[in-house]
Amino acid sequence: MIAGVVGWSVKHPRAVVGATAVFAIVSGVIGAQLKLDALPDITNNQVLVLTGAPGLTPEEVERRVTRPVEAALGGMPGLVEHRSLSRYGISSITVVFRDDVDPWRARQVVQERLNSVAGSLPAGVEPPELGPLSGGLGEIFHFTLGSPSRTPAELFELAQYKVSPILRAAPGIVEVNTWGGQRRTLDVVADPVRLAQRGLTLDVLRQALLRATGSAPGASLPSSGARQALLRAVALPEGASELGLAIVARGDEGRPIRIADVAEVRDGAAPRIGAATANGRGETVYVMAQMLRGDNALEVLDQVHARMPELRAALPPDVRIDLVYDRALLVKATLHTVGENLLLGGLLVIGVLFLTLGSMRAGLLVASAIPLSMLGALLGMVSTDTAGNLMSLGAIDFGLVVDGAVG
């Protein structure tokens, strides 16, 4: 085909430059539809199943959680294999399907199997849930939250309730994970002596704590005009002192016995098995955004960058954001290197052609095979949804491209 084009160009030399310009414009239009990334994502077609098992050791998680879930996932259509990892308080199972199985169909089949096994798991074990539809290169944006005056618990709450919702709203973001920080709790330490003096038991205190937290719906009262006021009882103590005022029971002569009378209420934190630090400044909160598998990394990151001003405005002035990893910087640097190498390689090949062929017209005719080949490659990559990256673009050999045209 290339030889035929070259033969036509010999008879119409004036059309060579114009044809090359047209090819460049068409290639630019097609290239605008091409997905770009730094490296190819070779992650297989897999579904991640996560099950929380608070308080269970790795041996108990493996025996009581991982094995029953694995057994329920066996024999699914298109299944290749599944492997598991049991750790303290969590079970992770990776289910691998054939490449021709639709990822969304695979997730639906896995979820149907999980629904059948969720009720048979031990008490206290959370229902199994699916991990995000992402790949090995899905981690596209990392940063930390730090403050000289705020506690790890406060930073964690900022990440959970302000940072994550804003980032999740960006198209293409499927998950926002957080490491570090602490989960605040209100610890009630019962005093057995004071409980015995008032004739109370630990279960009575526990029931009082359940009544002191939560909300209950009520009726409605007519308001002005045709309006109504909705009633509900809300008990959400903000601190230890407020929770200590909750009533446990009634004593002699109806005198209330409060939680603070029989127990010590104090601020605490949930047990944790890890922490995050950065740059030698002590503890921090690490935030990572994951991209939907198959999306264009640069387009997704453009949406993330557009939300960063909103994110900074939502945080207190003393909280700083320190960027750790931005995939856009890596992709742009990689594409710059690949583009520079392609340009220099093409110019070098054209120069060698001019020197070896000894004719400007013949050199231009043979060199026209380069834009033709690039146009065909871009068309194939766009039609097959193949991303342009270091492997797919950086391995082009212009010497081999023009070899057929020379022959």
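The values are calculated or read from the model by the stated rules, or taken from the named source; none is laboratory data. Quantities reported herein were computed from a predicted structural model and do not represent experimental measurements. Here the Cβ positions follow ideal geometry from the backbone for every residue, glycine too, while neighbour counts run over all protein chains shown. Surface areas here come from the heavy atoms of the whole protein model, side chains and all, with no ligands, DNA or RNA. Shrake-Rupley method; radii C 1.70, N 1.55, O 1.52, S 1.80 Å.
Name the residues in region 46-60 that are crowded, with 17+ Cβ neighbours inside 10 Å and in contact with a strand residue (DSSP E or B) (Cβ under 8 Å, 6 or more places away or on another chain), would you?
Once the filter is applied, which keeps residues that are crowded, with 17+ Cβ neighbours inside 10 Å and in contact with a strand residue (DSSP E or B) (Cβ under 8 Å, 6 or more places away or on another chain), region 46-60 yields GLN46, VAL47, VAL49, THR51, ALA53.
Look at ALA369 and say whether it is farther than 22 Å from VAL304 by Cα and free of Cβ contacts under 8 Å to residues at least 12 places away in the same chain. Spell out how you get there, then give the answer.
Details: farther than 22 Å from VAL304 by Cα: yes; free of Cβ contacts under 8 Å to residues at least 12 places away in the same chain: no.
Taking the combined requirement at face value, the residue does not satisfy it.
Table: residues versus (1) modelled with pLDDT under 90; (2) out of contact with any Cys (no Cβ under 8 Å at 6 or more places or on another chain); (3) closer than 17 Å to ILE321 by Cβ.
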| site | (1), (2), (3) |
| --- | --- |
| VAL109 | no, yes, no |
| SER116 | yes, yes, no |
| LEU145 | no, yes, yes |
| TYR161 | no, yes, yes |
| LEU200 | yes, yes, no |
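Within region 338-352, identify whether any single residue is in contact with a strand residue (DSSP E or B) (Cβ under 9 Å, 6 or more places away or on another chain) and not in a strand (DSSP E or B), and answer yes or no. Write out each step before concluding.
Step one: list which residues in region 338-352 are in contact with a strand residue (DSSP E or B) (Cβ under 9 Å, 6 or more places away or on another chain), which gives 338.
Now narrow it down to the ones that are not in a strand (DSSP E or B): 338.
Yes.
Given the conditions (1) touching a Pro at 6+ places or on another chain (Cβ under 6 Å); (2) under 20 Å from LEU155 (Cα atoms), and given that ARG361 satisfies all but one, which numbered condition is not satisfied?
(2)
Go through region 316-337 residue by residue and tally those that are open to solvent by 40 Å² or more (accessible area, probe 1.4 Å), under 30 Å from ARG281 (Cα atoms) and part of a helix (DSSP H, G or I).
3
Pull up region 251-263, narrow it to residues that are in contact with a strand residue (DSSP E or B) (Cβ under 6 Å, 6 or more places away or on another chain) and over 12 Å from LEU205 (Cα atoms), then point me to the one that is modelled with the lowest pLDDT.
This residue is GLY251.
Listed here are the residues, each with its yes/no results for (1) open to solvent by 40 Å² or more (accessible area, probe 1.4 Å); (2) modelled with pLDDT under 75; (3) under 38 Å from the mean Cα position of the chain (by Cα).
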position: SER359; (1), (2), (3): yes, yes, no
position: ALA362; (1), (2), (3): no, yes, no
position: VAL382; (1), (2), (3): yes, no, yes
position: ALA395; (1), (2), (3): yes, yes, yes
position: GLY399; (1), (2), (3): no, yes, no
position: VAL402; (1), (2), (3): no, yes, no
position: ALA405; (1), (2), (3): no, yes, no
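Output the number of residues of region 248-263 satisfying the condition of being among the β-branched types (Val, Ile, Thr) and either open to solvent by 50 Å² or more (accessible area, probe 1.4 Å) or in a strand (DSSP E or B) (or both). Break it down into steps so the answer makes sense when it comes.
So the first thing to find is which residues in region 248-263 are among the β-branched types (Val, Ile, Thr), and the list is 248, 257, 259, 262.
After this cut, where a residue has to be either open to solvent by 50 Å² or more (accessible area, probe 1.4 Å) or in a strand (DSSP E or B) (or both) as well, the list is 248, 257.
Qualifying residue count for the region: 2.
Is region 281-290 home to any residue that is surrounded by fewer than 18 Cβ atoms within 10 Å (Cβ to Cβ) and either without any contact (Cβ under 8 Å) to a residue 40 or more places away in the chain or among the polar types (S, T, N, Q) (or both)?
yes
Please specify each residue of region 175-229 satisfying the condition of being free of Cβ contacts under 8 Å to residues at least 40 places away in the same chain and assigned to a strand (DSSP E or B).
GLY214, SER215, ALA216, PRO217, GLY218, ALA219, SER220, LEU221, PRO222, GLN228, ALA229
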